[in-house]
Each structure stands twice: as structure tokens, then as C-alpha cells.
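Each remark here refers to the structure printed beneath this line.
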Amino acid sequence: MKNNTSNSRHKVRNRFVIETVAIFFIIIAPFLFMLHGYLSRDPEATLEIFGFTIDRNGFPNIRTYIWFLLGKIIPLYLLAIWFFSSKQWWYHIILIPMLMYAFQTFEVLFSKDNTVDTENIWWLIPVCMVVIPFVYFIRIKLYDRYVNGIDLEAMEAELHSLKQKQIKSQKNKEFDERPQTVDYRSLSEWLNQKLSTGNLEFMFRQLQNTLRNWLHLNF
């Protein structure tokens, strides 16, 4: 009992720390964006941060470069905070603008050409093809369940039950239609029985069911 209480307090403490850090970064976002105003306009100026040297990276000066970079990083981490803290059913759609800023940041930092915010839209297409149908599917299920009063899971369970009953009924019907075996006194009697109308019809239905199972077709 004491261990459960201790674990619960530990989780609450960790959550409180994480939420405090998130709130802090949200509060300082506008002030963080204004940091570029304190940088030099000299085209040859550089910036030293934790042993790393940052130059203008193709921009007119370091001030313009940091201004452009902060315009990508700040919306990116704000969207990330929103994504990980949101409890809305549609929160997955936040991945699209979040990844857009992530790709733009990557392009600014590592692109070797003189253009930015150009090719990253093509990187988003695979993400959109996955996220948008997924969110729309959730939206349809929720709308049908809470607005139209349609429980899709109950409908699927009922359809599955009906399908199982149909399969069982079909098997019973095939068993009932199977001709009864008899003892034959001669070869002619055996041939007459095997080539009778009932046996031929049964064999045809067996072949039909086998083909339907193989090809997954409904005749």
C-alpha cells in the first residue's frame, strides 16, 4: 500500500515538473523570439553557443539567420507541447503543421542551396496520406456513434454473428443434401448411383463452393 502511494506521488511530481517546464517555454516564447534583435548586422559576425560556432549560413547576416530560424523553432515546440498535452480526438492532425515546421527547420540548417521553404512540402505528402484518412475515420466513427446513434462495433458484431450462422446453415444444408451411401450388388448399380442426378448436383455444388472459397467470390 505504501509503495503504491509512493509511486503515485512520484508520478504526480514528475507530471508537475514536466507541465511546469512546458508552461515556462510557452510564457517565454515571445521573449525568446525577440533575441535576434540583440545580434549584430555585420555579415562577418558569428555566434558562439556551448562551443558551437554559428555563422550567417547564406543569409545577409547572423541576425537575419537567427530571426528566420526562431520563426521555425518556436512554432515547432509550441505545436509539440500542444500535441503531447491535447486530449481532443483530432490531436493527430497537429502532426501535419508540426512536421512542416520540422522539415523547414531541417532545410534551413542543412540545405546547401540559396532557397528555403520550397522542397519540404513534398516531404509532407506521405504524412498527410496517413494522418488525414486516420483522423477522418475516427471522426466518422464518433459522428455516427454520438450524433446519429449508430454503434459501429455492435453492427460489426451482429454482421459477424449473421455470417457465422449463414456458414453453419450452409454446412448443414450440404450435409442434408449428401446422398446416402448404399451397398451395391454389381458394377452397373454402382455406376447408376454415382452418375445419378442427385450425386451430380451435389458434386457440382461442392466444386462451386470450393471455387468461391479460393477466389473469395460470391456467386
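Below are the figures for this structure:
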{"item": "Gain upon complete extension [residue 123, residue 15; 0.36 nm per residue less C-alpha separation]", "result": "35.5 nm"}
{"item": "Sequence ranges 102-108, 26-32, ranked by mean other-Cβ count within 10 angstrom, highest first", "result": "102-108, 26-32"}
{"item": "Fraction in percent of alpha-carbon pairs per bin - 10 Å, the stretch 2-118", "result": "12, 31, 30, 17, 8, 3, 0"}
{"item": "Calculated FRET efficiency for the pair residue 7/residue 28, C-beta based, R₀ 25 Å, to 0.05", "result": "0.20"}
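The numbers here are math on the coordinates, done by the rules we state, and not lab data. The structure presented is a predicted model; accordingly, all values stated were derived computationally and were not measured. With ideal geometry, Cβ positions are generated from the backbone for all residues, glycine too; neighbour counts draw on all protein chains shown.
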